[in-house]
Amino acid sequence: MDTLKAETESLPLEERPFQVLVVAGSARRRDGCPGLDGKARFLMHRMLGRLPPDWQVDHVDIGNEHGKPKIQGCNGCVGSSMALCVWPCNCYAPDSDHQPDLMWNERLYPRLARADAWAIIGPVWWYGPSTNLKAMFDRLVCVSGGNPRPDLIDKKSTLKAQALERSPLWRQLSRNHLEGRTAAFFCYGNQGGDELDEDGRPRNLAHRAWFDPALQPYQGEERLAYQGLVWQCRYSGIEVPDQLWRHATVGRGKPYADDQSDDMARDADAMARFDAWVDDFVRHVTAKGRVPGTAQAERAAQPTTA
């Protein structure tokens, strides 16, 4: 595998395969409390079957699983100093026995760096992305301007980081580390399933006047539930074309028990929307071409914390 990787990296840019990463962002997993996989995992595998066979396709499921590390929370280093937020994140380390972190155990930083494009698939939960996806993107704050030289701040010295951020050197160090990649987002949700009544209010409300359906978020633009993730990418120099940011409604008006991945598979409209998104992803990535510098970016995204 190392020999194949070296040979691939040595190819001219126009000759190496496209490299993409597909992320399933639901928290549900068969080996967990629900006992059922989420729809994101089903869609991830459906997408894998539609991508060109000559692409190098990587995929990861960040769902919860018994005995599997979770994505550790962002510690907000950037709030003290941008230079304290290290690229890649050095608050945690791979294979830690006291703070096991899925981001590092899955080597997500180098895998994201290696890819020309990312495809992110996940549910809408309470008008936003899953906690797993939000945690992943919180931990990607270092993509935008993070410090690539933790040695200059003795790994995590706040005072040294603040001094570095104020110095002329910081302008040379701080940059968008994954600039130029493409990110695509596909989200789905049931808009309340069967919990809403004919007026669009939750059936269980005692104080009905406190809930105005006309003020409920998005009003038919449910893809906006992922707008924070989209704008974080764009802020970081990662392209998110408008046509690659989509939503499908599934299970509306149904009980949750009847809104599973096999039910989604039988929803012709949802499947058509998803397949069209995948096809548009392939067309856009192909037309855009390969991102230069991915091999160097992958090497720069290695852990600096033992």
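Odds and ends about this structure:
- From Pro94, Pro110, residue being modelled with pLDDT under 95 and at negative phi: Pro94
- The residue list Ser96, Ser81 contains one member that is more than 12 Å from Leu140 (Cα to Cα) and either surrounded by fewer than 17 Cβ atoms within 10 Å (Cβ to Cβ) or of a type in the set (A, V, I, L, M, F, W, C) (or both), which is Ser96.
- In this structure, Ile120 does satisfy being surrounded by 21 or more Cβ atoms within 10 Å (Cβ to Cβ), hydrophobic (A, V, I, L, M, F, W, C) and closer than 28 Å to Thr249 by Cα.
- Among residues of region 62-73 that are in contact (Cβ under 8 Å) with a residue 12 or more places away in the chain, those with a Cβ under 6 angstrom from a residue that is in a loop (DSSP other than H, G, I, E, B) and among the aliphatic types (A, V, I, L, M), sequence gap 6+ or separate chain, pair up as Gly63/Ala27; Asn64/Ala27.
- Within region 248-292, the set of residues being closer than 23 Å to Glu198 by Cα and part of a loop (DSSP other than H, G, I, E, B) comprises Val250, Gly251, Arg252, Gly253, Lys254, Pro255, Asp259, Asp267.
- Which numbered condition Ala248 misses (of (1) within 25 Å of Phe18 (Cα to Cα); (2) surrounded by 17 or more Cβ atoms within 10 Å (Cβ to Cβ)): (1)
- Spans of helices (runs of 4 or more DSSP H) in region 130-181 with at least 2 residues closer than 30 Å to Phe281 by Cβ: 131-138
- Residue that is surrounded by the most Cβ atoms within 10 Å (Cβ to Cβ) [pool: residues in region 203-223 that are in contact (Cβ under 8 Å) with a residue 60 or more places away in the chain and part of a loop (DSSP other than H, G, I, E, B)]: Tyr218
- The residue pairs whose first member lies in region 29-49 and is farther than 11 Å from Ile121 by Cα and at pLDDT 95 or above, whose second member is surrounded by 15 or more Cβ atoms within 10 Å (Cβ to Cβ) and aromatic (Phe, Trp, Tyr), and whose beta carbons are closer than 8 Å, counting only pairs six or more residues apart or on different chains, are Arg46/Phe274.
The values are calculated or read from the model by the stated rules, or taken from the named source; none is laboratory data. The model shown is predicted, which means the values in this text are computed figures rather than measured ones. Cβ: placed from backbone, ideal geometry, glycine included. Neighbour counts: every protein chain shown.
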